[in-house]
Amino acid sequence: MRPRRGRAKHLDPSLCLARLARLGVPFRRASPHRGLVTPVVITGPINGLKLTPMWGHPPALMDCGFALLLHRIAPIIRRVGVDELRYSAFYSYRYVSGTGRLSRHANGLAADIFEVRGPGGFSANVLKDWVRARGGPGDCLGGVTDPKGRVLRRMACALEYSGLLFQVLTPDSNHQHRNHFHLSGLRVGERPLQRRYAGRRLRRRRMAGR
Ligand SMILES: [Zn+2]
């Protein structure tokens, strides 16, 4: 029997793995982990996007569905001049800070990106190079002139406007994200959480009439 529409929260594991293989994503199956439906470890660049752990963190363990998403958003990220994401974690069984809610990291559906790199030795660090609270809708750069700040801001905007992610959080979101981008994936049937601008919640009044 086919599952009723809108009921399944996750892609069927065998379907997801077959898709990942067909797309040529280098991966291996991982052992079962609490919270992961289809655990995989990404073992090489995903659609031209390199994933590098920082501080000796473990390899890129995530849910298969998030790997499919990374494959999909890789061209968007590469288009802004980034071909490497340096992360602390994808999967991590934990709660959203200050709440009893499980984080999407607990389901392997999120990434914490601290640094990005690109061709020609380009490197930008979210803590050092993010220029805070500039611009607004339709004005991604907000007058930022620093090349590193521009790339970071372009990447956040492009991902947000793609509508492919549940949420993009940046240093503009809150203090907890002062040093990294949090990118989280949609569950089956979900829509992006809300309209933000480069991770910054827009004031109601500014949103009105748009
Ligand atoms: Zn995160």
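Just so you know, all these numbers are worked out from the coordinates, no wet-lab data involved. Here the structure is a predicted model, which means the values were calculated and not measured. For neighbour counting, all protein chains shown are included, and Cβ atoms are generated from backbone atoms with ideal geometry for every residue, glycine included.
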**Study point:** Sites A158 and S31 - FRET efficiency at Förster radius 30 Å, r taken between beta-carbons, to 0.05
**Key:** 0.30
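Could you sort 93-102, 162-171 so that the peptide with the highest average Cβ count within 10 Å comes first and the rest follow in order?
Listed from highest to lowest mean packing, they are 162-171, 93-102.
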Review point. Each label point is 7 Å from the Cα along the Cα-to-Cβ direction; what then is the distance between the points at R201 and D146, in nm?
Key: 2.6
Revision key, fill the gap. In degrees, nearest 10, the alpha-carbon axis of helix 147-162 is tilted away from the dominant principal axis of the alpha carbons of the chain by 50
Check your understanding: Using a basic spin-label model with each label point 7 Å from the Cα along Cα→Cβ, how many nm lie between R187 and S14?
Key -> 2.4
Check your understanding: Going 7 Å from the Cα of N179 in the Cα-to-Cβ direction, what parts of region 56-98 have a backbone nitrogen less than 12 Å from that spot?
Key -> 88
